[in-house]
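Note sheet for the following structure.
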Amino acid sequence: MLLLASASPARRRLLEQAGIPHRVQVSGVDEATITAADPRQLVQRLARAKAMAVAQRLQGSDRPREGVLGCDSVLVFDGEIFGKPRDASEAIARWQRMAGGWGHLYTGHALLGAPAGPDERLETVSTRVLFAAVGLAEIERYVASGEPLQCAGGFALEGRGGLLVEQIEGCVSNVIGLSLPLLRRWLGAQTSD
């Protein structure tokens, strides 16, 4: 069983759809306090901080032996790191830049204290995303839905934002919030040791 240190409904759905038993405990980490210029390091630090916060909260309790999984994602476009947009105007401005271009979605993964595995696993997965060449009216309609304000990079592949993505190179589930192939390898390694 996994303990997911995330409030993300998309990550929960991915685990549910993959049939991976889990429960959720939100980390409460203030993401603004964690910084790094390199997006790979940033998402890895954020993922580890989330997993550590939940693991530390459980120390001393009669917790079941389960791994604590933390994840965090950012989009890099033209060298700039995009987390969640602050407001609708920022989301519109980002989408005007991203329309018709390629970005890299990075997700950091941290798995702490899983049974029969190493005490800590850390990895960042990158996926290339081509955004549709959409005009301002379509961007404004999408932003008005509210969806982009809840997501790293300002889009949700599994939602309305999927209509605005032309192509993906790499792990599709990574764009949604966690890499299922990576998790399969990690969890498979635990049972084959």
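The values are calculated or read from the model by the stated rules, or taken from the named source; none is laboratory data. Being a predicted model, the structure only gives us computed values, none of them experimental. We place every Cβ from the backbone using ideal geometry, glycine too, and count neighbours over all the protein chains shown.
With buried (at least 22 other Cβ atoms within 10 Å of the Cβ) and either among the β-branched types (Val, Ile, Thr) or modelled with pLDDT of 95 or more (or both) as the only criterion, which of Leu182, Leu105 stands out?
Leu105
From Asp87, Asp38, Asp72, which residue is acidic (Asp, Glu) and surrounded by 15 or more Cβ atoms within 10 Å (Cβ to Cβ)?
None of the others qualify; the one that does is Asp72.
Please work out if Leu130 is touching a strand residue (DSSP E or B) at 6+ places or on another chain (Cβ under 6 Å), closer than 27 Å to Pro21 by Cα and touching a residue at least 24 places away in the same chain (Cβ under 8 Å).
no
Looking only at the stretch 118-174, which residues are out of contact with any Leu (no Cβ under 6 Å at 6 or more places or on another chain) and among the hydroxyl-bearing types (Ser, Thr, Tyr)?
Thr124, Ser126, Tyr142, Ser145
If I filter the stretch 10-35 down to residues being of a type in the set (D, E, K, R) and farther than 16 Å from His109 by Cα, which single residue comes out as surrounded by the fewest Cβ atoms within 10 Å (Cβ to Cβ)?
The residue in question is Asp30.
Quick grid of which residues meet (1) in contact with a helix residue (DSSP H, G or I) (Cβ under 8 Å, 6 or more places away or on another chain); (2) at pLDDT 95 or above:
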{"position": "Leu2", "(1), (2)": "yes, no"}
{"position": "Ser6", "(1), (2)": "yes, no"}
{"position": "Pro9", "(1), (2)": "no, no"}
{"position": "Ile20", "(1), (2)": "yes, no"}
{"position": "Val29", "(1), (2)": "yes, no"}
{"position": "Ala37", "(1), (2)": "no, no"}
{"position": "Gln44", "(1), (2)": "no, yes"}
{"position": "Ser61", "(1), (2)": "no, no"}
{"position": "Asp87", "(1), (2)": "yes, yes"}
